[in-house]
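Novice: Structure incoming, see below.
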Amino acid sequence: MRILFLALWYYLRGYVRIRAKGFSAERFMNMAAYRGVYLWDVAQEGAGMTMKAAGGSLDILEACAEKTGCTIEVLGWGGLPYFLGRFRKRQVWAAGLLFFAAGLYLLSSFIWTVEVEGNERLGEEDILSFCGEMGLKPGAWKRNVDTEDITNRLLENFSDISWVSVGIRGTDATVKLAETIEKVELVDQETPCDMVASADGVILQITAERGTPLVMAGDVVQKGDVLISSELTIGLEGEAQHTEYTGAEGAVTARIWQRLTEEMPLQYEEVLYSGVEKENHSLIFSEKELDIIHPNGDGEWEKTVLEETPLALGDFILPLKWKKEIWKACETVEKERTVEEAKSLLEENLRKKAENLLSAYGKIEHIEIKFEEYADCVRAEAEITMAERIEEKRLRTQEKERENADGI
């Protein structure tokens, strides 16, 4: 331990490596030691001896060599003072090294990545968005992040989380969680409920799994009409019968109608591209963007992001992104479409809207579109005939309340 301390001490103070030649090299070393000069790494080298000594003891060593008839040769200097002294003539390089070290220290004070572990049902984006609102996000100052408060807030706001831990290690933040046991959806067969129509229509098909069907194919129903009743008549013919109630279940498909309207202007704006393209590069830190290489050019440009590449030092990912954009020179011009072109676009749009109205069980049977022409636009109204499931549940108590309200 003492030798290690001395080595560190003389490294901080600086040392000189010398070679002593002569017939009295051992006497030279003894005299230097007697005068308080510590020598180490002594080795035989040819006709002389090499050794290391404190850098400030060179004058004493030269005096000892003169008295013992030896000659000494300075082989080199070492230690921290010598290392720093090399940068006196390289001030720019030294300043750069200093700023680089300061930059690394500064960047290590930020959170660079936030990861979520253990989530299956919960969306990672939802958790990251909530943590971002609480201050835990890439680019956040680590000292401003209260992990304990974020842990408590996550438990309060996400009922599906049974356990959570928020930790910061280095520049990486990790949200580890365990979700609650997923609730099994139980089919309630005991609570009396009817299957009623959710829209006006003509019945095409009815399948009753539980309950008593009250309609058949071809019947016209209105919204709210009972399709499958929860009432069950129990007992054989000729015997006493009684009524019981169940949770009605089944599928009812009906032909229903929908109306959609849309307008299409005859005059519109269109973007035309000249074919000129330029690249733009910018640096993104947290939510701030620094546009470094900005292309010159006047006029109108359409900007498209090609890529956002995270910057890294080896495996160390920095909270910086390098964004690359492509700029396309364009011009917005006023154009006019014909009435027939407007009708064609309207028909296409209305068909797409009609398809979006369908459930997984529905299909379009027919679409009839009527057009009205105006000076500046064309208006279209579509009547859509579709086959769709229309059953929905209504509790028996709600049915009774509805009947009582109608009676009043």
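Novice: What number of residues in segment 206-240 are part of a strand (DSSP E or B), among the polar types (S, T, N, Q) and under 17 Å from Arg389 (Cβ atoms)?
Specialist: Residues meeting the conditions: 1.
Novice: Enumerate the pairs (first residue in segment 102-125 and in contact (Cβ under 8 Å) with a residue 12 or more places away in the chain and farther than 12 Å from Ala173 by Cα; second residue anywhere and small (Gly, Ala, Ser) and open to solvent by 30 Å² or more (accessible area, probe 1.4 Å)) with beta-carbon separation below 8 Å, excluding pairs fewer than 6 apart on the same chain, so at least 6 apart or on different chains.
Specialist: Once the first residue is in contact (Cβ under 8 Å) with a residue 12 or more places away in the chain and farther than 12 Å from Ala173 by Cα and sits in segment 102-125, its partners that are small (Gly, Ala, Ser) and open to solvent by 30 Å² or more (accessible area, probe 1.4 Å) give Ser108/Gly170; Gly118/Ala178.
Novice: Are there any pairs with C-beta distances below 6 angstrom linking a residue in segment 1-25 that is farther than 17 Å from Pro81 by Cβ and among the aliphatic types (A, V, I, L, M) to a residue that is modelled with pLDDT of 70 or more and part of a helix (DSSP H, G or I), with the two at least 6 apart or on different chains, and if so which?
Specialist: Once the first residue is farther than 17 Å from Pro81 by Cβ and among the aliphatic types (A, V, I, L, M) and sits in segment 1-25, its partners that are modelled with pLDDT of 70 or more and part of a helix (DSSP H, G or I) give Ala20/Phe28.
Novice: Consider segment 361-395. How many of its residues are of a type in the set (Phe, Trp, Tyr) and either in a loop (DSSP other than H, G, I, E, B) or under 44 Å from the mean Cα position of the chain (by Cα) (or both)?
Specialist: So the answer is 2.
Novice: When you scan segment 28-58, how many residues do you find that are open to solvent by less than 10 Å² (accessible area, probe 1.4 Å) and in a strand (DSSP E or B)?
Specialist: 4
Novice: When segment 368-384 is examined, which residues are found to be closer than 19 Å to Gln258 by Cα and open to solvent by less than 20 Å² (accessible area, probe 1.4 Å)?
Specialist: Across segment 368-384, the qualifying residues are Ala380, Ala382, Ile384.
Novice: How about segment 59-78: which of its residues are closer than 21 Å to Tyr11 by Cβ and open to solvent by less than 30 Å² (accessible area, probe 1.4 Å)?
Specialist: If the condition is that a residue be closer than 21 Å to Tyr11 by Cβ and open to solvent by less than 30 Å² (accessible area, probe 1.4 Å), then Leu61, Gly76, Gly78 are the ones that fit.
Novice: Next question, about the same structure. For segment 110-147, name all the residues that are among the small types (Gly, Ala, Ser), open to solvent by 20 Å² or more (accessible area, probe 1.4 Å) and in a loop (DSSP other than H, G, I, E, B).
Specialist: Selection gives Gly118, Gly123, Gly135.
Novice: With respect to Leu214, determine if the residue is farther than 30 Å from Ala380 by Cα, open to solvent by 70 Å² or more (accessible area, probe 1.4 Å), free of Cβ contacts under 8 Å to residues at least 40 places away in the same chain and of a type outside the set (Lys, Arg).
Specialist: yes
Novice: Determine whether Thr243 is assigned to a strand (DSSP E or B) and open to solvent by 60 Å² or more (accessible area, probe 1.4 Å).
Specialist: So Thr243 passes the test.
Novice: From (1) out of contact with any helix residue (DSSP H, G or I) (no Cβ under 7 Å at 6 or more places or on another chain); (2) open to solvent by less than 70 Å² (accessible area, probe 1.4 Å), pick out the condition that doesn't hold for Leu266.
Specialist: Condition (1) is where Leu266 drops out.
Novice: Then there's this: When you go through (1) within 14 Å of the chain's Cα centre (by Cα); (2) at pLDDT 85 or above one by one for Gly139, which number turns out not to apply?
Specialist: (2)
Novice: Here's a follow-up. Does at least one position in segment 179-199 carry a residue that is at pLDDT 85 or above, loosely packed, with under 14 Cβ neighbours inside 10 Å and more than 30 Å from Ser108 (Cβ to Cβ)?
Specialist: no
Novice: Under the condition of being in a helix (DSSP H, G or I) and modelled with pLDDT of 70 or more, which residue from segment 64-95 is nearest to Ile18 (Cα to Cα)?
Specialist: Ala65
The values are calculated or read from the model by the stated rules, or taken from the named source; none is laboratory data. Model, not experiment: these values are computed from the prediction. All Cβ positions, even for glycine, are placed from backbone atoms using ideal geometry, and neighbour counts span all protein chains on display. To get the accessible areas, we keep the full protein, side chains included, count just its heavy atoms, and leave off ligands, DNA and RNA. Shrake-Rupley method; radii C 1.70, N 1.55, O 1.52, S 1.80 Å.
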